[in-house]
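**Q** Dumping the structure here so I can ask a few things about it.
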Amino acid sequence: MGRVSQAQAQENRRRVVETASRLIREQGTQVSVADLMKAAGLTHGGFYKQFGSKEELVGEATAHAFAELARHHRDNLERYAGRREAAQSAAIDTYLSVEHRDSPADGCPAAGLVADVAREGAGEEARRVYTQGVGDFADFLATEDQDGITRLCTMLGALVLSRATKGSPLSEEILAAAREVLADEAGH
């Protein structure tokens with residue numbers, strides 16, 4: 001079999017990072033390299049041509065996931081013509097939705113990776129990227145009257161608890177309670 005072109009190698013790397021970004025949010029960093037590569041449609045051996053280690057991939061996948069989140073926040077700001085509080089309100093409603101609860105692979109990396117990063121299973125680069133991403137998310141949520149960190153903690157805690165109790169009435173109650181608290185704080 002011949003060598004792949006540089007362009008194909010870059011495309012393969014992009015595909016692996018995107019696939020890993022989704023899988024680690026859904027399954028955690030314990031997902032195997034073999035499973036990641038299979039999901040990306042590539043061979044296990046191809047991984048080592050692209051990445052020096054699994055930690056390197058997890059760091060890149062974490063950065064990719066937070067870049068998607070930041071892009072979503074920018075899109076919300078554009079959609080609401082720069083009205084920050086309206087964009088924040090829409091983001092909160094989406095975040096605390098049943099759809100987001102049920103789609104961790106496409107969801108918030110702060111929620112999807114919290115346990116792995118806390119246990120240091122993700123590596124130092126992933127921890128650095130995670131910390132920066134959480135700070136950026138809190139900055140997006142901050143208003144003149146409300147602390148973005150408190151809002152983020154409420155949202156993230158509610159989402160994680162809702163995912164853990166999925167299938168019970170409590171799950172949706174948690175999401176609704178958090179939406180209500182955040183709406184009350186915003187004066188809605």
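**Q** Would you check if there is a residue in the stretch 103-125 being open to solvent by less than 40 Å² (accessible area, probe 1.4 Å), touching a residue at least 60 places away in the same chain (Cβ under 8 Å), of a type in the set (A, V, I, L, M, F, W, C) and more than 22 Å from Q27 (Cβ to Cβ)?
**A** no
**Q** What do you reckon, is L23 over 16 Å from the mean Cα position of the chain (by Cα), in a helix (DSSP H, G or I), crowded, with 18+ Cβ neighbours inside 10 Å and not acidic (D, E)?
**A** Numbers: over 16 Å from the mean Cα position of the chain (by Cα): no; in a helix (DSSP H, G or I): yes; crowded, with 18+ Cβ neighbours inside 10 Å: yes; not acidic (D, E): yes.
No, not satisfied.
**Q** Turning to a different aspect of this structure: Among all residue pairs at least 6 apart or on different chains, which show Cβ distances below 6 Å where the first residue, located in the stretch 22-39, is without any contact (Cβ under 8 Å) to a residue 60 or more places away in the chain and the second is open to solvent by 10 Å² or more (accessible area, probe 1.4 Å) and among the charged types (D, E, K, R)?
**A** V33/K54
**Q** Assess whether A40 counts as being over 16 Å from the mean Cα position of the chain (by Cα) and buried (at least 16 other Cβ atoms within 10 Å of the Cβ). Can you show your working first?
**A** On the way: over 16 Å from the mean Cα position of the chain (by Cα): yes; buried (at least 16 other Cβ atoms within 10 Å of the Cβ): yes.
Considered against the rule, which asks whether it is over 16 Å from the mean Cα position of the chain (by Cα) and buried (at least 16 other Cβ atoms within 10 Å of the Cβ), A40 comes out as yes.
**Q** Taking the stretch 26-37, which residues are assigned to a loop (DSSP other than H, G, I, E, B) and open to solvent by less than 40 Å² (accessible area, probe 1.4 Å)?
**A** G28, T29, V31 - these are the residues of the stretch 26-37 that are assigned to a loop (DSSP other than H, G, I, E, B) and open to solvent by less than 40 Å² (accessible area, probe 1.4 Å).
**Q** Can D136 be described as farther than 16 Å from R22 by Cβ, of a type outside the set (K, R) and at pLDDT 95 or above?
**A** Details: farther than 16 Å from R22 by Cβ: yes; of a type outside the set (K, R): yes; at pLDDT 95 or above: yes.
So D136 passes the test.
**Q** Give A20, A39, A105, A63 a once-over and let me know the one that is out of contact with any Gly (no Cβ under 7 Å at 6 or more places or on another chain), modelled with pLDDT of 95 or more and within 24 Å of L175 (Cα to Cα). Explain how you work it out, then say what you get.
**A** Working: A20 fails: within 24 Å of L175 (Cα to Cα); A39 fails: within 24 Å of L175 (Cα to Cα); A63 fails: within 24 Å of L175 (Cα to Cα).
The conditions single out A105.
**Q** From the set of residues in the stretch 137-153 that are buried (at least 17 other Cβ atoms within 10 Å of the Cβ) and under 16 Å from the mean Cα position of the chain (by Cα), which is nearest to F66 (Cα to Cα)?
**A** Within the stretch 137-153, the match that is nearest to F66 (Cα to Cα) is F137.
**Q** Taking V4 and the conditions (1) without any contact (Cβ under 8 Å) to a residue 12 or more places away in the chain; (2) exposed (fewer than 13 other Cβ atoms within 10 Å of the Cβ); (3) in a loop (DSSP other than H, G, I, E, B), which numbered condition does it fall short on, given that it satisfies the others?
**A** The number of the failed condition is (2).
The values are calculated or read from the model by the stated rules, or taken from the named source; none is laboratory data. As the structure is a computational prediction, the values presented were derived from the model and not from experiment. Cβ: placed from backbone, ideal geometry, glycine included. Neighbour counts: every protein chain shown. In case anyone asks, the SASA skips ligands and DNA or RNA and just uses the protein heavy atoms, side chains included. Shrake-Rupley method; radii C 1.70, N 1.55, O 1.52, S 1.80 Å.
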